[in-house]
Ligand SMILES: [Zn+2]
């Protein structure tokens, strides 16, 4: 019997099965009560049980599938039925968060097609995972920048970038602290610069 640490602390392993091409690891959540998604009341009254199969990482090149033995609870306060929440897997996902992250990182170094072949996962699946993780990361980044800009004074930096040598210039507006581009314009006329700045509430101290 294989014994590998699952490293998903929310679960305890209840059973392991080995097949020629994959492993099944049956798990259940350690926590025996759950917070109602509708009213926030803690409930331990089990409504029913079901299983859910989600793909996880690999052990010795064989994929692991988690068979999650999950409970649905009946809230004693508002009487609604709700499912357990999992840290390791989203509510409608067929893959663990770490598997999705793994696929995303793999694709970054090569192509969707390569990863699809290498791990024998349908191209459309790899593609969907890659773009959904990329989208989540972009949103996180956006939220982070928004947060930072809310409570910090922004140090703006305007640069002209030669797009093609000796030809077109673009005016680029940076947040110098965060090192992020806030906007670009295709020429270096004053009007373009003002247009860039007008998207933010900025007080400009002009020297020239
Ligand atoms: Zn409730």
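Here are some notes:
- Within the range 5-30, the residues that satisfy the criterion of being loosely packed, with under 13 Cβ neighbours inside 10 Å and either within 16 Å of the ligand (Cβ to nearest atom) or under 17 Å from residue 88 (Cβ atoms) (or both) are 5, 7, 9, 12, 14, 30.
- For residue 73, the conditions (1) outside any loop (DSSP other than H, G, I, E, B); (2) away from the ligand (no atom under 13 Å from the Cβ) are fulfilled apart from (2).
- Within the range 89-107, if we keep just the residues that are out of contact with any strand residue (DSSP E or B) (no Cβ under 9 Å at 6 or more places or on another chain) and under 20 Å from residue 10 (Cα atoms), the residue that is surrounded by the fewest Cβ atoms within 10 Å (Cβ to Cβ) turns out to be 92.
- Hey, residue 66 closer than 30 Å to residue 5 by Cα, in a strand (DSSP E or B) and modelled with pLDDT of 95 or more or not: yes
- Looking only at residues of the range 34-59 that are without any contact (Cβ under 8 Å) to a residue 40 or more places away in the chain and not in a strand (DSSP E or B), we find that the one that is farthest from the ligand (Cβ to nearest atom) is 44.
- For the range 77-87, a residue qualifies if it is within 8 Å of the ligand (Cβ to nearest atom) and part of a loop (DSSP other than H, G, I, E, B), and the qualifying residues are 77, 78, 79, 80.
- A residue that is closer than 17 Å to residue 102 by Cβ and under 21 Å from the mean Cα position of the chain (by Cα) occurs somewhere in the range 66-83.
The values are calculated or read from the model by the stated rules, or taken from the named source; none is laboratory data. What you see is a predicted model, and the numbers here were worked out from it, not measured in a lab. Counting neighbours? That spans all protein chains shown, and the Cβs are built from the backbone with ideal geometry, glycine included.
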